[in-house]
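Okay, structure first, notes after.
Any read-out appearing in this document is the output of simple, stated calculations on the displayed coordinates, not a laboratory observation. Quick caveat, the model's predicted, so the values are computed rather than measured. Positions of Cβ are backbone-derived with ideal geometry, glycine not excepted, and every protein chain shown enters the neighbour counts.
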């Protein structure tokens, strides 16, 4: 019992820290025009490569400095969060819906449905994900919706595998047999009895997947395959920062920190939620 | 046919095989009269649980019934369409399971789990189901039904969970309850209370019970008739009192000798004799031979 209590407290702190960061980032993204100190696209060659606020030579109003075109880094990060979050939510949700549904069917019904779905997943996962994403975007063309579709198409297998395994475990439990004896149909049992027991896993995975979507989007914008407009993206800022690393390290380091914190928070937030909402773990 | 003269449950020479051709049930015949408790005893692997599952229609997919009929109140279950069968079984049968922890859905509260079945399968109103559940929880001596119905299964003790399951089993007034070793997963002290509770509810509701157990002490306490099972074959069946007074089959005698007695706790237990097992083996082999001939 003691172990349970300790880990629960640990997960509580994790949950609040991760949730706090995500909330902050989300609010910044939602109200970007209000909170961003500068126009993220405004170039000013007089202010190029200004250092962050604590270093000498910094200018007030440019908290994290500027890049080689004199654009405010903090504002670019805040506007970049918009695209990151849109991709995270849309892509993860789409992947979750497709993957969880197929996983539930595969795990609960078994038989030939399971065989077909599992083989498709095996084949799917044989593709290297990033190459697959680049290929898909090359085919679909760049743009926000292409990125979202590409991530969903690649990552539904993650949900499918985990939910399939969870469902198989639950379907063997006596309460499922009891429900059959009570006279429920198979689909009714799947939705009413089994699904609530795999929801904690779905939630944890969904959060994790949002983090992964953020990374994949950053990778795609790093290789200039994400959105084609001038809107700042974290991956794009990192790519630009790489070019001027010797003159202005902050252009590379701050977006990296933002990216890592966000991805880490998504995964920890998911774990924390699972621990909190799973009645058996609770 | 008049329903009153039909036995509640009638199993007629039921045989089931595994994919490798091994018979797990060997022409099992047994019947349970309305309001009667029939015990099914045997060692692990004797097929007791398999019979229960066959009756309730939840055999594992790998086990195939190759012969025999199961009749519930004169109705041949094998002849029914799956949907009709489900509805009939949901209304007329129930299970008291072995493990009260896994038999309840861990992520749903007790109350809805219990009322759900009444509302969805039997078409009761939610209010009527609620009242009924409270009444049953009272009958199984749960004093704080409010707390229990709002709890998740893991918040209750094993004994409480088993009481909940007993209440749920009796709630729809089924004609037949299959009790699959309902006391095995419980503490010895709780076992006795649960057994007494099942016996009491059985008497008050007049429900027939197929009571699966490996414990002869339990058999003596609760049942009117016994079937002794070995390797999927009924080796002896009798009135409970008669069986204990004069067991006919050597295996039954050996089982009784192997039961620990409180009157002499220091006596060592007697394992079932080699000669008895050899006799059983030849009996089973002969039965299989006779069975194979007409079935090819």
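Of the residues A:202, A:212, A:134, A:149, the single one that is surrounded by 21 or more Cβ atoms within 10 Å (Cβ to Cβ) and either away from chain B (no Cβ under 14 Å) or touching a strand residue (DSSP E or B) at 6+ places or on another chain (Cβ under 6 Å) (or both) is A:212.
Within region A:167-176, the set of residues being facing chain B (nearest Cβ under 8 Å) and outside any loop (DSSP other than H, G, I, E, B) comprises A:174, A:175. I'd like to check something: does region B:41-52 contain any residue that is in a helix (DSSP H, G or I) and closer than 21 Å to residue B:206 by Cβ? Yes, there is a match, as at least one residue in region B:41-52 is in a helix (DSSP H, G or I) and closer than 21 Å to residue B:206 by Cβ. Residues considered: B:228, B:164, B:219. Of these, the only one that is outside any loop (DSSP other than H, G, I, E, B), within 30 Å of residue B:116 (Cβ to Cβ), in contact with a helix residue (DSSP H, G or I) (Cβ under 8 Å, 6 or more places away or on another chain) and touching a residue at least 12 places away in the same chain (Cβ under 8 Å) is B:164. Residue count for region B:201-216, restricted to those that are surrounded by fewer than 16 Cβ atoms within 10 Å (Cβ to Cβ) and either in a loop (DSSP other than H, G, I, E, B) or free of Cβ contacts under 8 Å to residues at least 12 places away in the same chain (or both): 2. For region A:55-103, the set of residues classified as in a loop (DSSP other than H, G, I, E, B) and in contact with a strand residue (DSSP E or B) (Cβ under 7 Å, 6 or more places away or on another chain) consists of A:62 only. In summary, residue B:125 fulfils each of the numbered conditions (1) farther than 25 Å from residue B:49 by Cβ; (2) touching a helix residue (DSSP H, G or I) at 6+ places or on another chain (Cβ under 7 Å) with the single exception of condition (2). State whether the residues of region A:159-166 include one that is within 14 Å of chain B (Cβ to nearest Cβ) and either part of a helix (DSSP H, G or I) or surrounded by fewer than 18 Cβ atoms within 10 Å (Cβ to Cβ) (or both). The answer is yes, given that some residue of region A:159-166 is within 14 Å of chain B (Cβ to nearest Cβ) and either part of a helix (DSSP H, G or I) or surrounded by fewer than 18 Cβ atoms within 10 Å (Cβ to Cβ) (or both). Residues in region B:64-90 that are more than 24 Å from residue B:202 (Cα to Cα) and either crowded, with 21+ Cβ neighbours inside 10 Å or more than 14 Å from chain A (Cβ to nearest Cβ) (or both): B:64, B:65, B:66, B:67, B:68, B:69, B:76, B:78, B:79.
Filtering region B:91-131 to residues that are more than 7 Å from chain A (Cβ to nearest Cβ), assigned to a loop (DSSP other than H, G, I, E, B), closer than 22 Å to residue A:167 by Cβ and more than 20 Å from the chain's Cα centre (by Cα) leaves only B:109.
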